[in-house]
Amino acid sequence: PVHVSALVNLAILYEDNDMYEEARRCLDAVLRSTPTHPRALLYMKDVESARSMFYDEDDRTRGQRNAVLDIPMSDFELSVRSRNCLKKMDIKSLGDLLKVSEQELLSFKNFGETSLSEIKQLLTSKGLRLGQTADGGAGVPAIRRAAPVEDDVPNEVLGKQIADIELSVRSRKALQRLNINTVAELASRTEDELLGCKNFGHTSLNEIKQILGTLGIGLRKLDATD
């Protein structure tokens, strides 16, 4: 029938343009009406083989990309200052580094333009950039992974906005520089991370800990493996 030949020809066009799923659907429609159609059977084998190769290559590319993001920062030659700052910020891999912005890095003590240029040069050599996974979609928040908090803390507490909490001007500005907007984001940080922020000292730290304590929550503590 004419419509069968048209579907087969359409499938061939789809395959030529690497649209394997569309080609498979056309051939599948032909084989449902004419199970022994020789051309459809032949092209279906080609399409299935091409689809397999396409998805295998896609998986391989994704795996290679993930492997790059998992490279620990300790594997790169960095200045002592940059290395120490990244350690205090709990940035352990390239993937972690892609989740922070220039502003977040510069907000930390002893991390200046020289260290920033060093980091940006490293990422550029890998075809990457700061904030790539924070603003590039995939639903990745600007703040690095949020560490687990106590299971019994109500969601309304975790979702409470920092702007709604009474804080000193210094503490509030420091949290703004770190892009910390909720109690959950604050609780995902460690004492060292907060103390690493410019103009954030032990007075501000004690203020934060006291406020979190009244909410039944505390700052994140590093595990022995961290």
Residues of region 178-210 being of a type in the set (Lys, Arg), surrounded by fewer than 17 Cβ atoms within 10 Å (Cβ to Cβ) and out of contact with any Gly (no Cβ under 9 Å at 6 or more places or on another chain), in sequence order, are 198
Give the residue that is surrounded by the most Cβ atoms within 10 Å (Cβ to Cβ), with candidates limited to residues of region 21-55 that are at pLDDT 85 or above and of a type in the set (Gly, Ala, Ser).
23
How do the helices (runs of 4 or more DSSP H) wholly within region 91-137 filter down when requiring 2 or more residues that are more than 16 Å from the chain's Cα centre (by Cα): which remain?
102-106, 113-125
Would you mind stating whether residue 198 is in contact with a strand residue (DSSP E or B) (Cβ under 9 Å, 6 or more places away or on another chain) and within 24 Å of residue 111 (Cα to Cα)?
yes
Check whether at least one residue in region 5-16 is loosely packed, with under 11 Cβ neighbours inside 10 Å and either modelled with pLDDT under 80 or closer than 26 Å to residue 193 by Cα (or both), and report yes or no.
yes
Could you check, for region 105-112, whether at least one of its residues is exposed (fewer than 13 other Cβ atoms within 10 Å of the Cβ) and at pLDDT 85 or above?
no
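The values are calculated or read from the model by the stated rules, or taken from the named source; none is laboratory data. Keep in mind that this is a model prediction, so the values were computed, not measured. Heads up, the Cβs are rebuilt from the backbone with ideal geometry, glycines too, and the neighbour counts pull from every protein chain shown.
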